[in-house]
Structures are given as C-alpha cells and as structure tokens.
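Scroll down for the structure; my scribbles are underneath it.
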Amino acid sequence: MDIMKRLAVPILILAALAGLAIWGALQKTRPDKVQPILCINPVAGCAFVHLSVPAQIRFSVTPETMKPFVITLSHPTLQKASASFQMVGMDMGFNRYDLKRGPDGTWAARIVLPVCTASRADWIVELKLDEQFYSLSFSTR
C-alpha cells in the first residue's frame, strides 16, 4: 500500500505528459486542403480571397528570428484566425498564435520566430481562418 502512494504522483505526472504530447501532435496535424497565398513582399501586404471575399495579410517588418513582429489580417467577416510557422521538412515545434480582433476590425498577433539551428531562412506561415487553411512562404533576414 505504501509503494502505491509513492508511485501515484509520478504515474499521474507521466499520464498528464503523455496526454499533453498526444494533444500537441493532434494540434499539428496538417489539413488535407491548403490554399497557397502568392506574395512577393508580405511587408507591403498580400491580397487573397477567403470565403469569396477579398482579404489581406501584412507583416509589420521583414521577420528576423527571435525579434518580435506583427502580422495583421484584414477581412470583413472573419470570425477566428490563427497562424503557425514551419519550415519545409523541419519541425519547428508548437508555435501557434491566435490573432485577436482589434477595434478597427483588423486581426493581429505579435510573433516571435524560433531560432533555426540549420541557419535556414525559408519559412511558411500556415493560417487557419475560420475552418479554411492557407499557407504563405517568406524569408527572414
């Protein structure tokens, strides 16, 4: 009985960590249909269509790793928006940002990109807008 009491807390901690790992893996599941957003300069802004209505995404500055920047999204009927950042063929961990609606109706989030140990600069922002998925490729400095 005494050994059961000593093992209860470690077993509960391991079960919680396993549950958290499974939840994280499910959150990173890639959708089947992702629409690319073609964009030369995200700082100048990129136009695309979401649910048959024009939208625009814009970065406040050219992103640099470990330096904050802001993503702003404009769309008149958007209800929910999030962004995550990945590199092709490289897991960059769980880094989803929920965009918040501002008083002017635009959506924004303050982003900090993680450091890439391979010194790569090619990124993809994966957007989930309402229940639609989009991707935009960009480079850091």
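The values are calculated or read from the model by the stated rules, or taken from the named source; none is laboratory data. Everything numeric in this text was worked out from a predicted model, so none of it was measured. FYI the Cβ positions are ideal-geometry reconstructions off the backbone, even for glycines, and counts take in every protein chain you see.
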Answer yes if at least one residue in segment 108-125 is assigned to a strand (DSSP E or B), under 20 Å from residue 34 (Cβ atoms) and charged (D, E, K, R), and no otherwise.
yes
Determine which member of the set 70, 9 is modelled with pLDDT of 90 or more and either in the same structural domain as residue 98 (by TED's automatic domain parsing) or not acidic (Asp, Glu) (or both).
70
Of the conditions (1) under 17 Å from the mean Cα position of the chain (by Cα); (2) of a type in the set (Val, Ile, Thr); (3) surrounded by 11 or more Cβ atoms within 10 Å (Cβ to Cβ), the single one that residue 88 does not satisfy is (3)
Please enumerate the residues belonging to segment 58-85 that are within 14 Å of the chain's Cα centre (by Cα), over 19 Å from residue 120 (Cα atoms) and of a type outside the set (A, V, I, L, M, F, W, C).
72, 80, 82
Looking at segment 29-44, is at least one residue assigned to a strand (DSSP E or B), at pLDDT 60 or above and of a type in the set (A, V, I, L, M, F, W, C)?
no
Within 15 Å of the chain's Cα centre (by Cα), under 20 Å from residue 47 (Cα atoms) and assigned by TED's automatic domain parsing to the domain that holds residue 40, is that true of residue 130?
yes
In this structure, does residue 141 turn out to be surrounded by 12 or more Cβ atoms within 10 Å (Cβ to Cβ) and basic (Lys, Arg)?
no
Residues within segment 93-120 that are under 14 Å from the mean Cα position of the chain (by Cα) and among the small types (Gly, Ala, Ser), tallied
3
